[in-house]
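Below is one structure; the comments refer to it alone.
Read-outs: derived from the displayed coordinates by stated rules, not from any lab. Since the model is a prediction, treat every value here as computed from it, not as a measurement. Positions of Cβ are generated from backbone atoms using ideal geometry, with glycine treated the same way; all protein chains shown enter the neighbour counts.
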Amino acid sequence: MSESGAPESVELFRAEVARFSAAEIAPGAQAWDDAERFPRELFGKLGSLGWLGVGLPEKLGGSGGGAVERAVLIEELARASAGVALGIYVHSALATAAIATIGSAELRERYVPRLVSGELTGAWAYAEPDSGADVTRVRLRAAQEGDSFALTGTKLYITNGTFADVLVVVARTGGEPGSLGGISVLVVDGDAAGLERRPMSKLGMRASELGELHFDGCVVPRRNLVGDLGSGFRQCLPVLSQGRVFGGALALGLGGAALSEAARHVAVREQFGGPLSRQQAVRFTIADMAARLRAARALVYDAARRLDAGLDYDTDASIAKLFASETGTWLAERALHLHGAQGFMADGIAQRCYRDCKILEYGEGVNELQREMIYKAVANGFRP
Ligand SMILES: Cc1cc2nc3c(=O)[nH]c(=O)nc-3n(C[C@H](O)[C@H](O)[C@H](O)COP(=O)(O)OP(=O)(O)OC[C@H]3O[C@@H](n4cnc5c(N)ncnc54)[C@H](O)[C@@H]3O)c2cc1C
């Protein structure tokens, strides 16, 4: 065990990712944000280090390690750029994880090694114009035609959607909007005929890319079905539950960056004859930021450890995601506040954290739904 309570190997891994992020991500973070461009070369770099397969068992084509290691990776990437961490998270923990854990042996063989090496890039395409928090409202139609499906409809807000080679698409093969039954999952190759993509511009997470996808009779072979016909989405729910832990880890990285930047700034900015950090109110704000971040970290890694130990972790994941995302937003806002006008300028870390944080409150299941799930668990005897 290291001083932090995590196994030594985890802390060594954290230090390695932190070094990589400082050298390879932090220097480009603002330029990628300005250009709204994900640095695609990172897929190859992270793939060659084996990091795109972290958290995925070796028998499924991953590099081993568990949820704790994947959370460490995402947290440390997010300290340098939350947008970069988001793109990597979606590629690994959603798209690759869905194919690896639910897909057939043939799908796994065809895609997982190339996704893990970074040769291919992945996206998870669930959201639609009428299907956001309510997952039963999926309308994108996958009509069976012989040994294929023809996809027709629209996906919105798809991270990596502008460039991904492999789109893991949630589609309706039966049933009606309003029910989970009949929702399937299909792998669509990025160059499939009948697929058109448009970039979407956004407030934050601008170092990631967001796409609008239009499917117009896009033909997908039946062998690309992930899981069973009509219940693939239900089978993917454990992957999405795990995603709440990693969404929490992303918020930790973002919050950590906001805190470091605020602490650095108040130590050097002078007003009233000395650094801002001489003011007790400023010192107390930094202390409160540290305390909340520490609490969020305990929740996120506790949920990750439960997941790795095979214990029930669902409510813990909801609590961790809820608390860490709202803590991230609060830390980012406080960091911006402590920067005064300097923070309001368009090129600092504080303003980027402030723009990046908000999505974490409604990505991976809106926080109101997390509160509903936590309430139900408490009503059923869950003891926090
Ligand atoms: C930067 C970014 C990246 C994204 N990446 C992806 C991606 O890779 N793949 C993908 O599929 N999607 C992605 N999304 C979309 C994401 O899945 C949706 O934002 C999410 O599903 C919520 O849907 P919505 O935004 O349409 O919100 P809505 O469903 O319209 O909800 C809006 C608000 O209503 C309130 N609300 C909703 N339901 C309830 C309820 N039951 N009780 C109380 N209040 C409620 C909440 O305050 C919520 O924030 C991304 C979005 C962004 C902005």
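Where the only charges are on Cβ atoms (+1 Lys, Arg; -1 Asp, Glu), what is the dipole of the chain about its Cα centre, to the nearest 20 debye? All intermediate terms of the calculation are to be shown ahead of the outcome.
On the way: 41 positive and 46 negative charges, 132 e Å.
Value, rounded to 20: 640 debye.
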## Note on the structure
For Met205, the residues 5 or more places away or on another chain with a placed amide H closer than 5 Å to its own amide H are Asp356
#### Entry: Of Gly118, Ala171, Gly340, farthest towards positive along the dipole that unit charges on Lys, Arg, Asp, Glu beta carbons give the chain
Gly340
#### Entry: Karplus-derived HN-Hα couplings along region 197-212 (A = 6.51, B = -1.76, C = 1.60, θ = phi - 60°), whole Hz, x at Gly and Pro
10, 10, x, 10, 8, 9, 6, x, 6, 6, 7, 9, 10, 10, x, 9
### Qualifying trypsin sites (Lys or Arg not before Pro) in region 33-123, DSSP loop, other Cβ atoms within 10 Å at most 14
Arg40
### Query
Which whole-percent values make up P(r) of the chain when all C-alpha to C-alpha distances are grouped in 10 Å steps starting at zero?
5, 24, 33, 24, 10, 3, 1, 0
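Where does the chain land at 222 nm, in deg cm²/dmol rounded to the nearest 500, when only DSSP H runs of n ≥ 4 count, each adding -39500 (n - 2.57), divided by all residues? Present the calculation step by step, with values, prior to reporting the outcome.
Details: 12 runs with 187 residues, N = 384.
When only DSSP H runs of four or more count, the value is -16000 deg cm²/dmol.
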### Query
Dividing the convex hull volume of the alpha carbon atoms of region 59-146 by its residue count, what do you get in Å³ per residue?
142 Å³
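Counting pairs of Cα atoms in region 173-285, how many percent are more than 16 Å apart?
On the way: 4886 of 6328 pairs.
When every Cα pair of region 173-285 is considered, 77 percent fall beyond 16 Å.
Past the 25 Å Cα-Cα mark, which pairs from Lys45/Lys321; Lys59/Lys155; Lys155/Lys358?
Where the Cα-Cα span goes over 25 Å, the pairs concerned are Lys45/Lys321; Lys59/Lys155.
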### Task
Output ³J(HN,Hα) for region 375-384: one whole-Hz value per residue in order, computed from phi by the Karplus curve 6.51 cos²θ - 1.76 cosθ + 1.60 with θ = phi - 60°, and x for Gly and Pro.
4, 4, 5, 5, 4, 9, x, 4, 10, x
### Message
Within 10 Å of each candidate Cβ there may be at most 15 other Cβ atoms; applying that plus a DSSP loop requirement, which chymotrypsin sites (Phe, Trp or Tyr not before Pro) in region 6-74 survive?
### Response
none
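How big is the dipole moment of region 123-230 about its Cα centre under a simple scheme where the beta carbon of each Lys and Arg is +1, that of each Asp and Glu is -1, and everything else is neutral? Debye, nearest 20, please.
Values: 11 positive and 14 negative charges, 47 e Å.
Magnitude of the dipole: close to 220 debye.
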### Summary
Gyration tensor on Cα atoms of region 1-109, a ≥ b ≥ c root eigenvalues, a/c under 1.5 rounded, else prolate if a/b beats b/c, else oblate, says oblate
### Query
Using θ = phi - 60° and the Karplus curve 6.51 cos²θ - 1.76 cosθ + 1.60, what whole-Hz ³J(HN,Hα) does each residue of region 218-230 get, with Gly and Pro shown as x?
5, 8, 10, x, 4, 5, 8, 5, 9, x, 8, 4, x
